[in-house]
Amino acid sequence: MSKRTVHIHIERLVVDGIDARGQQRFVRALEAQLAESARGAAAGGVSAGDGVMRRIGRVDAGEMRAGATPERAAGQVAKAVGAAIEGKGRGRG
């Protein structure tokens, strides 16, 4: 079986309501969660098809819950990105 690789590139990310320190925690958590998702997708096969590049213009992760930690907010965004990649989310091109 050939090795599969999944690359995720985020051009711009807007998250309101998180201070500078929280933003650093958010970014680290998002990177970790997306890396884990990519490893899982590569190991299990990507439903979008082998060798297919997908461009998703925008992903709507919804409203963050009041008082959510940066890590929890990152999880919500990572879940929305994963769903958009699989064609199940609220991504818009």
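What follows draws every value from the coordinates through simple rules; no lab data is involved. Being a predicted model, the structure only gives us computed values, none of them experimental. We place every Cβ from the backbone using ideal geometry, glycine too, and count neighbours over all the protein chains shown.
Could you give the length gained by full extension between R55 and R39, i.e. 0.36 nm per residue of separation minus their alpha carbon distance, to one decimal place? Each step should come with its number before you reach the end.
Working: separation 16, 0.36 × 16 = 5.76 nm, distance 1.91 nm.
This chain segment gains 3.8 nm when fully extended.
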What is the distance, in nm, between label points placed 7 Å from the Cα along the Cα-to-Cβ direction at E11 and at R72? 3.2
Could you sort the peptides 69-78, 28-37, 5-14, 53-62 by per-residue average Cβ neighbour count (10 Å cutoff), highest mean leading? 69-78, 28-37, 53-62, 5-14
